[in-house]
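Chemist: Would you mind keeping the following structure in view while I ask a few things?
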Protein chains: 2
Amino acid sequence: MNSDSVFWKIADGRLPPPPCAATLGIEFLRVTPESGGIEVKFEATPAFLNLAGHVQGGFLAAMLDDTMGPALVATLQADEFAPTVNLNVQFHRPARVGPLKGIGRVLLRGRQVCQLSGELLQDERLVATGTATAVIRRMGTETAWAATQMPT
Amino acid sequence: MNSDSVFWKIADGRLPPPPCAATLGIEFLRVTPESGGIEVKFEATPAFLNLAGHVQGGFLAAMLDDTMGPALVATLQADEFAPTVNLNVQFHRPARVGPLKGIGRVLLRGRQVCQLSGELLQDERLVATGTATAVIRRMGTETAWAATQMPT
C-alpha cells in the first residue's frame with residue numbers, strides 16, 4: 001500500500017477516476033486494504049439498458065470488475081498494476097437505472113496471483129455476484145506512459 | 001426464429017439497437033441462426049479505458065455478452081427473451097480504442113437452458129473469450145412494457 005499511488009489519489013479525490021470508472025459513475029464509499037475490502041457506488045444510466053429495459057449483464061460485470069479490481073489495487077505499490085485474467089459473474093435479479101453498491105474483497109493476495117470476489121446490490125438486494133483472478137505486474141515504461149496520457 | 005421479432009428488426013436496421021448495444025457501438029456483420037452463429041462489430045471508445053490505458057475488462061465482458069446474447073436471441077420467438085444467468089470471461093491480451101469483432105455461438109439450444117460461447121478479436125488477434133448460460137422465458141406484460149419504454 002502506498003498512499004501516493006494513483007489509486008489512493010483517485011480514492012481521495014486528488015485525481016479523477018479513469019474513464020471506464022467515470023462512465024460507470026464510480027464513487028468510493030469505503031476502502032480498508034488491511035482487511036482487503038472496498039465499498040463503491042455506481043450509477044446505472046439509460047445507456048446501459050437492454051431490450052427488456054434492464055441493465056445489460058455485461059455492464060453489471062463491468063461494475064463488478066471495477067469493484068474487485070480496486071480492492072486489490074488499493075494494496076499495490078505505485079509502479080504495480082494487476083490486470084484481470086478471468087472474470088466469472090452470476091446474475092441474481094434484474095437491475096434498473098439508478099445507484100448500485102459494489103462490495104469487493106481480496107480472497108487471496110499472492111505475490112503475483114490474486115483471487116477476488118464481489119457483490120453488487122441495488123436497494124440492499126443482491127443483483128449479481130462475481131469472482132475474478134488478477135495477476136500483479138510491474139508497470140513498464142509503455143504502460144506508465146499510457147496512464148499519463150489517459151483522457152480524464 | 002421470427003423475422004418480425006425485435007431482434008431481426010434491429011439486425012436489419014428497421015429498429016435502432018437497444019441503448020447498451022448502441023453504447024458499445026454494435027453493428028451486425030452476419031447472423032446465421034441455422035448454424036447458431038453470429039458476427040458483430042463493436043467500437044471501443046476512450047470512455048471504456050482503465051488506468052493502464054487499455055479497455056477495461058468489464059467492457060470487453062459487456063461486448064461478449066452482447067455477442068453471445070444475440071446469437072441466441074436470433075433463434076427466439078417474438079414474445080420470448082433469454083436473460084443471461086452466468087457469464088465467464090477469460091482475458092487474453094489488452095484491447096485499445098477502436099473496432100473489435102465478436103463471434104458468438106449457441107453451443108446448446110435447450111427448451112429453456114442454453115449454453116453459449118463467444119470470442120472477441122482486435123486486428124484478427126484474440127482479446128477475450130467467454131461462455132454464458134441463458135434461460136429462455138416468455139415475456140410478461142411488465143417486460144414487454146419496459147421494452148416499449150426503452151430510450152432509443
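No lab work stands behind these numbers, since they all come straight from the coordinates. From a predicted model like this one, the values you see are computed outputs, not experimental measurements. All Cβ positions, even for glycine, are placed from backbone atoms using ideal geometry, and neighbour counts span all protein chains on display.
Chemist: Given the C-alpha centroids of the range B:25-67 and the range A:59-97, what is the distance between them in whole angstrom?
Modeler: Answer, in whole Å: 18.
Chemist: At A:Gln77 and B:Leu15, where each label point lies 7 Å from the Cα along Cα→Cβ, what is the point-to-point distance in nanometres?
Modeler: Placing both labels 7 Å beyond Cα along the Cβ direction yields 5.4 nm.
Chemist: Can you tell me how much longer the chain between A:Arg125 and A:Glu39 gets when fully stretched, taken as 0.36 nm per residue apart minus their C-alpha distance, in nm with one decimal?
Modeler: Extra length available between A:Arg125 and A:Glu39 comes to 29.5 nm.
Chemist: Could you work out the relative contact order of the range B:6-142? I mean the mean sequence separation of Cα pairs under 8 Å and 6+ apart, divided by the number of residues, in percent.
Modeler: 25 percent
Chemist: Also, I was wondering about something else. Rounded to the nearest 0.05, what FRET efficiency is calculated for A:Arg30 and A:Val97 with R0 set to 25 Å and r the Cβ-Cβ distance?
Modeler: Rounded to the nearest 0.05, the efficiency is 0.55.
Chemist: All other residues with a Cβ under 12 Å from the Cβ of A:Gly58 taken together, and with Lys, Arg as +1 and Asp, Glu as -1, what is their net charge?
Modeler: That works out to -3.
Chemist: As a check on your grasp of the helix formula, calculate [θ] at 222 nm for the protein assembly as shown: sum -39500 (n - 2.57) over DSSP H runs of n ≥ 4, divide by the residue count, round to the nearest 500.
Modeler: Calculated at 222 nm, the ellipticity per residue is -7000 deg cm²/dmol.
Chemist: To continue, here is another question. All other residues with a Cβ under 11 Å from the Cβ of A:Met68 taken together, and with Lys, Arg as +1 and Asp, Glu as -1, what is their net charge?
Modeler: Cβ neighbours under 11 Å give a net charge of -2.
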